[in-house]
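> Quick one: structure below, then a few questions.
Please treat every number below as a calculation from the coordinates, not as lab data. Because the structure is a prediction, the values reported are computed rather than measured. Every residue, glycine among them, receives a Cβ derived from its backbone with ideal geometry; neighbour counts consider all protein chains shown.
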Amino acid sequence: MERFTQESVKRPMKEEEAEGRRQKYLVVINPVSRGGKAIKEGLWLLKQMGRLGINHETFITENPGHAEDIVKRWVEQVDVVVAVGGDGTVNEILNGMMSSKGCEKTLAVFPAGTADEYCHNVGVPRDRNRALDILLTDNSRRIDLIKWNDRYAIVQVGVGRRGSRVQRPALQDGEVYKYAAGEKLELSMVRDGLKVSVPRKPPDPPPFVKC
């Protein structure tokens with residue numbers, strides 16, 4: 001397991017590592033994620049970033065929707081937006097970033113939620129040191145997004161009573177799906193909608209299950 005010791009800081013950095021450390025980061029922490037344990041994760045992250053001399057601004061959210069408002073205000077002034085929380089926090093930050101037309105900033109996630117489905121999907125581990133290494137390395141790719149009405153999602157969208165999911169084939173590029181159940185819902189796919197920080201080695205695909 002890699003540890004960020006004095007020797008590791010002094011060692012020659014790869015080009016993508018050096019570029020990552022030259023960027024400016026906006027860190028948004030949701031202190032109530034993971035049953036209140038996310039604040040501890042966020043403080044650990046800030047300590048490491050400070051020790052490494054990473055240029056960053058930090059905010060701790062105070063209520064639902066606050067993360068999105070913070071990102072809307074700051075996204076143009078930074079290179080990378082870091083979500084410290086769970087999938088709900090990631091969703092708020094995503095929508096804050098997408099409010100900036102043609103957003104070219106990078107979303108990075110330091111997992112601190114209960115399920116962390118997004119991190120699981122892109123291969124960001126819960127191990128603190130490995131997650132830190134990923135977000136401080138300039139390695140990213142663009143991913144598709146789900147658009148529902150004027151909002152965006154990165155993992156899934158739930159509709160109907162108790163958020164039950166619509167069972168249907170995957171959306172094709174440019175396709176719009178309309179679901180009428182009291183309120184109109186338009187779903188579409190946004191191809192290559194956002195740039196996200198990912199591991200240099202992509203995660204292994206899920207095992208194939210024969211039905």
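> Which of the pairs Lys24/Lys72; Lys72/Lys195; Lys24/Lys147; Lys24/Lys47 have their Cα atoms more than 24 Å apart in this structure?
The answer is Lys24/Lys147.
> Follow-up question, since we're still on this one. How much length, in nm to one decimal, is gained on full extension between Lys72 and Arg200, taken as 0.36 nm per residue of separation minus their Cα-Cα distance?
Once the chain is fully extended between Lys72 and Arg200, it gains 43.2 nm.
> Continuing with the same structure: From the Cα gyration tensor of region 22-101, with a ≥ b ≥ c the square roots of its eigenvalues, which class applies: rounded if a/c is under 1.5, or else prolate if a/b is larger than b/c, or else oblate?
In terms of gyration-tensor shape, oblate.
> Can you put Thr89, Thr58 in order, fewest other beta carbons within 10 Å first?
With the sparsest Cβ surroundings first, the list reads Thr58, Thr89.
> Taking loop as defined by DSSP and a crowding limit of 13 other beta carbons within 10 Å, which GluC sites (Glu not before Pro) in region 26-97 fit?
Qualifying residues, ordered by number: Glu62.
> So how far apart, in nm, are the two label points at Thr114 and Lys47 if each is 7 Å from Cα heading toward Cβ?
Those two pseudo-labels are separated by 2.7 nm.
> Next up: What distance in nm separates the two pseudo spin-label positions at Val155 and Arg191, each 7 Å out from Cα along the beta-carbon direction?
About 2.7 nm, to one decimal.
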